[in-house]
Every structure is written in C-alpha cells, then in structure tokens.
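Heads up: the structure comes next, in structure tokens.
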Amino acid sequence: MDVLRKIFQDKFAKSALIVLALLYLLILCADFIAPYSNTYSNREMSYAPPSKIYTIDERGKLSWPYTYNYVREYEPALMQTVFKQDRSKKYYIKFFPKAENITGLIPRHLFGVEKGGELYLLGTDINGRDVFSRILFGGRISMTVGFLSLLIVFPIGLLYGGISGYFGGIIDTLMMRFAEAVMAIPSFYLLIILAAILPNGMSSVQRFALIIVILGLIGWAGFARVVRGMVLSIKNEDFVQAEKTIGASNMRIILKHILPQTTSYVIIAMTLSVPSYILAESGLSFLGLGIQQPDASWGNMLKEAQEFTNILYRPWLLTPGVLIFIAVLSFNLLGDAIRDVLDPKSQKRVK
Amino acid sequence: MEFLKYTAKRVLQVIPLLIIVSLISFFIIRLSPIDPLAELRLNPSISQETLDKEMKRLNLDKPIYIQYFSWAKSFIKGDLGYTTAGEKVSTKLKERIPNTLLLTMVVIFMTWAAGVPIGILSAVKKETSLDRLLTVISSIGMAIPSFFFAILMLIFAVKTGWFPVGGLTSYNFNEMGFFEKIADISKHLVLPVIVLFTISLSGLQRQMRANMLEVLDSDYVKFARAKGLSEGKVIFKHALRNAVNPMITLLGFEFAGLLSGAALTEYVFQYPGLGRLILEAVMKSDINLVMASLMMGTIMLIAGNLIADILLMITDPRLRGRS
C-alpha cells in the first residue's frame, strides 16, 4: 500500500497510471464503445475521411450534435475520387442506440448516429472499415500481448536463472553459454524468422498464441542472466545454509527461499519490459508477419501507412501509431516510478 | 602481454558461442516445414546443375545431423549457396553488410558524441528543470516505435523535398564524381540516422546520467571536492572516467539493439542493408539467404561485444590486474 501511495505521489507516474487505466477500460468495453462491430465493412466508403461533427447549425444556433454523410465523387481535374459532404440531410448523433448484432454483454452501443447516417470518428481504411472501432478492437491484441508474453518469459527466466546460479559449476557454465548464444542472435532477426516459419492457415487465436510464445522465447535469456547473478549472491546467505542443514531439497530452496528474494527486481523488470513486447508485436504485424487481417492490431493497421499516398492524403490512418506511442510512454513512466520506489539503490540516487 | 592473453582468451570463447548459435538457427529453420530448395526449383532460370550442387552441398538426402555438418563445413569455406533469384548469397551479403555497418557506425558515433555530454549535464544539473526536460525528451524518444518515426520522417521528406525518399544512392550515382558520391550518400543517410539516433540516444543518455549520479555520490568524489578541486576537474578528471566504464559494456548491447531497430528502419526507408535483406529473404522463404544473414548478423553482434570487452580492458585497469 505504501508503494502504491509513493507511486501516486509521482506526477508522471500518476498520469501514466490514469492513461493506462483509461486505455484498458476502452478496450475492455470495445464492444460497447465502438459504434461499429469488429467485422463491419462498407466497401463503398473506402478511405473516407473522419466525419465532422457540428454543434452549431447553419443559422448559427446551438444544435444537438449532427453530422453529414460523405459521398464519393470523381474529380476529373485531379484524376482521383474525392469525398464530399452531402449537405442535404443531417444525421443527429444518438446516445445508447440499439446494437444491430449483439456481440458484447450490453445490447446497446455508447453512441451512434441516426439510421442511414455514417459516423466515422477517425475515418475508414481501404476496406471501408471504421478506424476508430478497429483501434479499440486492435488494442485488445496490442495491449495484452505484452502481459501474456511475460507469463512465458518470467517463469522460464526465473527457473533457468535460479537453477543455473544455485548449482553453479559445470551446470552453470553450460546453461549460461546457451543463454548467451540465444542473446547473441539479433533478436529481431530471430523474431521475424520464427514468425515466418509459422504454418499458414492457422486460426487467428492460434496465431495470436504462437506470437506470444515466440516473443516469450526471445526475451527470457537476458532476464535469466540477471536472475542468476542475484541468485549467486543470495545462495551464500545464512538462511539458505540453514535451510540446507535441515535437509530441504534443492528445488524447495530455489523456489521457496531464493527466488522470492528477487521479487522487487522481477516487478521492475516486468513493468519495464512490457513496452518492448508491445513494440515487437506492432513491428511484426507492421511487416505482415504478426496478427493477420481481418483481425486488427495497432501494428497491422499501420501497415497501410507503408504507402505514400496514404500517409500524405489520409493521415488518420496513422492514429494507431500515436496510440502505441502513448501506451509505451505510459508503461515506461510507470516502470521508472516503480523502480525508484522499489529499488533502494536508485532511491538513494533520487534523494 | 597480459593484454594479448586476455584478447586471445576472449576470441577463443567466441568459438563455442558461434557453434551453439549455428545449431540453434540451423535447427529452427530446418525443422520448419519449408523445403529449402522449393523456391529454387520453381525458378526456371536455375539450372539442374546448380540444384544438384546445392543438394550435394546441403546433403539434403542424409539425416539432419549430417546436414548440419555439411552446411557448417561449406559455411566455413565461405560457400553460402544461391539465393532463390540465382545470385550467390556471398555476393549479396558483401553488398549489404557494409551498408548496415555504415549506418550503425554513424549512429553509434553520434549517439556517444551527444549522449555522454547530455547524460553528464543532466546528472550535474540533477532535479533542475533542465534535467526534467531532458528526462521527458528521452522518455519520448524511447517510446516512439522506430517504424512509426521512420514513416513520419518520410512524410517530412516528401512534404519538404529536402531529403531523398529512401534508398542509399540516387539513380545517377555511377556518373558522379568522388565528392558528389559522398554528398549523395550522406544525404540519403540523414533520415535513417535521425530515426535510429533519436531512439538509441535516449537509452544511452539515461544510462550515463544514472552512472554519473552514482559516481558523484561516491567517497572519492566527495574527497576530491573537499580537497578544493574545481567542479570541472572533479567531474571530468575523477567522475567521468569511472562513469564511462559501464557504458563501454553497453556498447555491445547497443550494437545489438541497433541491428534490430535498423531492420525496421531499413525496411521503411528501403535502405539496402542486412536487416532489409533478411526481411525480404524471410518473406520469400529464401532459406540459404536467411541462414547466411542470420549468421552474419550474429557474427557482427558477437564482434561488437568483443570489441567492447577489449575496450573495457584498455580503459579499466582493474580488469587487467584480474586476468
């Protein structure tokens, strides 16, 4: 509790915590908040710009918020299709409209627009899918990959480092050489190779799970090395010797007495490594090797930004990048604050 | 003598490391369901003779451990096989590795030239608004995804027209004079360097700040101050030397990070480097090329760590005594 209070005293960490809480709330309630479903697509409306919402009508009076639909027109002078607002009919924004196909628990959306209207808060992508809704659904993948990978990295790293450091000698040498070899392979190269040899035709859930496993397989080695270093210094402490004399098994000593001593390091390392997994997943999906269409992730949504015309004329397609940035920044700030609080060495430094 | 012995010992340690790495990468790739010659067979311009040669070089009809040995033997000899397009893998690598080295070297040099002074500055001015500002900037630099930043830079290049969009050389590169060539390459390097520089600078600056703070807190610095030395002398003569040592170890890791970060940046900027090569190879399931570039990337990384260790040996007298 004391730790939490100290974190809350830090201005940056407090705002980071609030931002993260908000992001997770948004993606948790994606079905409710997103005006369109995960599978919605309007082929007529590919690359429509964000809908403008008006609160002051043409006579200059305050009005209930409304929007106009876009219509596509071919502009011969520019030799391209442009989107123009159809000013003939206003569509008013509605709160808590009934959902057409119920995917979430609540049979209503947070907001929507009158029947016949279209409301694209952040425009649409090449398939005419609502970018705003897809960001919420994509966040579910991008923001959980990090944590789920940690569930693989940390048990492996703790156990590996614990065994290696505790037994020492030839076991330690062999295990550490192997870990160093894994670290010596440029991690991103290994990542794309592992992702590329995944067989085709997997379901999206299987692919998601395998990507988590791959990310986990890459991160454990560095972590195991640090744990080993800590175990080396802990294993000579009196309480470990005492445990040995009363005949506790090696595994019991490692799991029950040595590894718990590393808790504060583990917590720090966990918060500080979540961002790297978020970045790795988005990089992988950006290249087309991660989460596949039609599923959304922030990385694969940015894949469209690889085209020049898109980044110049359709800047709304870049919003997932901004969200990755915000999420990673928040995790970093939070991690820094947790480290300052938990790590006595850096606490001294701060004073 | 001492120094040579240490260096030789470190170089020898690399050999088992390379063997394990080659085993890991070989089995990952070979145990995947991809037929290593499938793409070659599909390419009509590849002769049956070449195919037979590859078959023999890789011993594909033998059990997998024999395959590993024959692959390793030909790798040591420098025979890396053919790409799916029918080019020699070794020629392709020779073309790409210098480009990646050029990019990473420039970035490492610039990061050190900027990161160390900035780190010192924010450590000395600890808890001031300048330090806070630098911390905020470095947090931003650490959080921005490299490929996203690269895209933003591309928009900038297209909108202003100040920098060429992607690649390493202009189309008329071969007709240029020597100095024009250098100018052309530098112009192409600006944007990728900015992206990688920003990202690696943040980490380096923070590390330097932390090291410096730790050293400034130590007894010998307090003593130097008590002796009445000027602040400049205390920092540059006493504190800096000890704060930089841990950074040298970091140099190796930085190199690793850059190789990974460079892959995405190279991809966005269409920069002809090793990272993009391996990406393209992976997408085309060009097994020979993937294996060779993976090994090359690893060798570069290990070499980077080795150089860092040797540098540390030179700067840190304590290590010399120990070995």
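The values are calculated or read from the model by the stated rules, or taken from the named source; none is laboratory data. Just so it is clear, the model here is predicted, and its values are computed rather than measured. A quick note on method: Cβ atoms are made from the backbone with ideal geometry, for glycine too, and the neighbour counts reach across all protein chains shown. Surface accessibility is based on the protein's heavy atoms, side chains included, excluding ligands, DNA and RNA. Shrake-Rupley method; radii C 1.70, N 1.55, O 1.52, S 1.80 Å.
Of everything in the range B:131-160 that is under 24 Å from A:Ala16 (Cα atoms) and of a type in the set (Ser, Thr, Tyr), the residue that is nearest to the other protein chains (Cβ to nearest Cβ) is B:Ser139.
Looking only at residues of the range B:266-286 that are facing chain A (nearest Cβ under 10 Å) and hydrophobic (A, V, I, L, M, F, W, C), we find that the one that is surrounded by the fewest Cβ atoms within 10 Å (Cβ to Cβ) is B:Met283.
Within the range B:300-319, not a single residue is assigned to a loop (DSSP other than H, G, I, E, B), surrounded by fewer than 20 Cβ atoms within 10 Å (Cβ to Cβ) and within 12 Å of chain A (Cβ to nearest Cβ). When B:Ala263 is tested against (1) touching a Phe, Trp or Tyr at 6+ places or on another chain (Cβ under 6 Å); (2) surrounded by 24 or more Cβ atoms within 10 Å (Cβ to Cβ); (3) more than 7 Å from chain A (Cβ to nearest Cβ), only condition (3) is not met. In the range B:211-219 there is at least one residue matching the filter, namely being among the small types (Gly, Ala, Ser) and within 14 Å of another protein chain (Cβ to nearest Cβ). Scanning the range B:211-238 for residues that are free of Cβ contacts under 8 Å to residues at least 40 places away in the same chain, within 30 Å of B:Ile302 (Cα to Cα) and in contact with a helix residue (DSSP H, G or I) (Cβ under 6 Å, 6 or more places away or on another chain) gives a single hit, B:Val215.
The number of residues in the range B:166-184 that are crowded, with 16+ Cβ neighbours inside 10 Å and modelled with pLDDT of 75 or more comes to 1.
Please state which one of A:Ile253, A:Ile326 is in contact (Cβ under 8 Å) with a residue 24 or more places away in the chain and more than 20 Å from A:Val19 (Cβ to Cβ). Going through A:Ile253, A:Ile326 in turn, the sole match is A:Ile253. Do the conditions hold for B:Asp52, that is, is it part of a loop (DSSP other than H, G, I, E, B) and either without any contact (Cβ under 8 Å) to a residue 60 or more places away in the chain or surrounded by 13 or more Cβ atoms within 10 Å (Cβ to Cβ) (or both)? Answer is no for this residue. Considered as a group, the residues in the range A:4-23 that are more than 25 Å from A:Asp295 (Cβ to Cβ) and open to solvent by 80 Å² or more (accessible area, probe 1.4 Å) include one that is modelled with the highest pLDDT, and that residue is A:Ile18. Among the helices (runs of 4 or more DSSP H) confined to the range A:281-351, the ones with at least 2 residues that are touching a Leu at 6+ places or on another chain (Cβ under 8 Å) and either at pLDDT 85 or above or open to solvent by less than 20 Å² (accessible area, probe 1.4 Å) (or both) are located at A:298-302, A:308-313, A:319-342.
Restricted to the range A:98-213, the set of helices (runs of 4 or more DSSP H) holding at least 1 residues that are outside the structural domain of A:Asp295 (by TED's automatic domain parsing) and either farther than 16 Å from A:Trp298 by Cβ or open to solvent by less than 40 Å² (accessible area, probe 1.4 Å) (or both) comprises A:131-167.
The criterion of at least 1 residues that are in contact (Cβ under 8 Å) with a residue 40 or more places away in the chain and over 18 Å from A:Phe96 (Cβ atoms) is met by the following helices (runs of 4 or more DSSP H) wholly inside the range A:1-41: A:2-9, A:11-28.
Taken over the range A:24-70, the criterion of being more than 26 Å from A:Ile324 (Cα to Cα), among the acidic types (Asp, Glu) and either in contact with a helix residue (DSSP H, G or I) (Cβ under 6 Å, 6 or more places away or on another chain) or open to solvent by 30 Å² or more (accessible area, probe 1.4 Å) (or both) is satisfied by A:Glu44, A:Glu58. When the range A:188-213 is filtered for residues that are touching a residue at least 40 places away in the same chain (Cβ under 8 Å), facing another protein chain (nearest Cβ under 7 Å) and under 27 Å from B:Val14 (Cβ atoms), the ones remaining, listed by number, are A:Phe188, A:Ile192. If you check A:Ala242 against the conditions, is it among the hydrophobic types (A, V, I, L, M, F, W, C), open to solvent by less than 60 Å² (accessible area, probe 1.4 Å), over 30 Å from A:Leu190 (Cβ atoms) and out of contact with any strand residue (DSSP E or B) (no Cβ under 9 Å at 6 or more places or on another chain)? So A:Ala242 passes the test.
Rundown of residues vs (1) within 22 Å of the chain's Cα centre (by Cα); (2) at pLDDT 85 or above; (3) open to solvent by less than 30 Å² (accessible area, probe 1.4 Å); (4) not assigned by TED's automatic domain parsing to the domain that holds B:Leu277, yes/no style:
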| position | (1), (2), (3), (4) |
| --- | --- |
| B:Thr111 | yes, yes, yes, no |
| B:Gly115 | yes, yes, yes, no |
| B:Ile120 | no, yes, yes, no |
| B:Glu127 | no, no, no, no |
| B:Gly161 | no, no, no, no |
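In the set (1) more than 14 Å from chain A (Cβ to nearest Cβ); (2) in contact with an Asp or Glu (Cβ under 8 Å, 6 or more places away or on another chain), the condition left unmet by B:Gly86 is number (2).
Would you say A:Leu284 is in contact (Cβ under 8 Å) with a residue 60 or more places away in the chain, touching a Gly at 6+ places or on another chain (Cβ under 6 Å) and more than 13 Å from chain B (Cβ to nearest Cβ)? No; evaluated as a whole, the condition is false for this residue.
For B:Thr104, the conditions (1) among the hydroxyl-bearing types (Ser, Thr, Tyr); (2) touching a Phe, Trp or Tyr at 6+ places or on another chain (Cβ under 7 Å); (3) closer than 20 Å to B:Ser293 by Cα; (4) not assigned by TED's automatic domain parsing to the domain that holds B:Glu266 all hold with the exception of (4). Residue count for the range B:70-82 satisfying the condition of being surrounded by 12 or more Cβ atoms within 10 Å (Cβ to Cβ) and not in a loop (DSSP other than H, G, I, E, B): 7.
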